[in-house]
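Read through the structure below, which is laid out as structure tokens, and then see the notes.
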Amino acid sequence: MLATLTSRKPLPVVATDPVSDTVPWGEPYVPGGAGPKDPSPPFGNYTLTGQVSGHADVTFTPDSAGATLETVEATYHNYSDDGLNFITGNEKVTALHPNSTLIHVDWYLDLSSTGISNSTKVTGPGGFHFEVDVQLNKFYANGTLTTTVDGVVYKQPENGC
């Protein structure tokens, strides 16, 4: 947009202090250089030991090309990092990218937590499936995802949000 000033002359340009191109939280970009390393762990099976009790068996599975993380699956066995809350159950999340702007997620879970707070997080038998198109920023879901914390029930967002 170009403004035509009819009632006054333009104001003088004010000098600004230089700003550093280096930021403490960023990674330097070198033209032609390799991109940043993927922070994800290598694909495979892992056991995460709770700091106080239990463990979680975790699997990171790539897509069919073996290039991108597609599925994360975890089974918790009386897992606790603080000795106050204990998680038991399983969950599996698969994220697909049908095109460059669409994310499709299939989520299955049946988790419970006991201790200071008693809670559950479960999907219906068919799981919980949702899509988000980043160009439209709309949420569309099929299935149910219910979280209950000390008797208070929370449901997934409505479609179109």
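The values are calculated or read from the model by the stated rules, or taken from the named source; none is laboratory data. What you see is a predicted model, and the numbers here were worked out from it, not measured in a lab. Cβ: placed from backbone, ideal geometry, glycine included. Neighbour counts: every protein chain shown.
Of note:
- Restricting attention to the stretch 56-75, the residues that are in contact with a Leu (Cβ under 9 Å, 6 or more places away or on another chain) and not aliphatic (A, V, I, L, M) add up to 6.
- Out of 78, 85, 99, 90, sole residue that is within 22 Å of residue 126 (Cα to Cα) and over 15 Å from the mean Cα position of the chain (by Cα): 90
- In the stretch 56-68, the count of residues that are within 21 Å of residue 156 (Cβ to Cβ) and part of a strand (DSSP E or B) is zero.
- The stretch 89-119: number of residues that are touching a Lys or Arg at 6+ places or on another chain (Cβ under 9 Å) and in a loop (DSSP other than H, G, I, E, B): 0
- The single condition among (1) part of a strand (DSSP E or B); (2) of a type in the set (Gly, Ala, Ser); (3) closer than 19 Å to residue 118 by Cα that residue 74 does not meet is (3).
- Top-ranked residue of the stretch 55-67 - restricted to ones that are within 30 Å of residue 27 (Cα to Cα) and surrounded by 14 or more Cβ atoms within 10 Å (Cβ to Cβ), ranked as nearest to the chain's Cα centre (by Cα): 60
- Once the stretch 1-54 is narrowed to residues that are in contact with a Ser or Thr (Cβ under 7 Å, 6 or more places away or on another chain) and in a loop (DSSP other than H, G, I, E, B), the residue that is surrounded by the fewest Cβ atoms within 10 Å (Cβ to Cβ) is 52.
- Residues that are within 25 Å of residue 68 (Cβ to Cβ) and of a type in the set (Ser, Thr, Tyr) were ranked within the stretch 11-40; the one that is modelled with the highest pLDDT is 29.
- Subset of the stretch 67-93 that is at pLDDT 95 or above and small (Gly, Ala, Ser) - its residue that is farthest from residue 149 (Cα to Cα): 74
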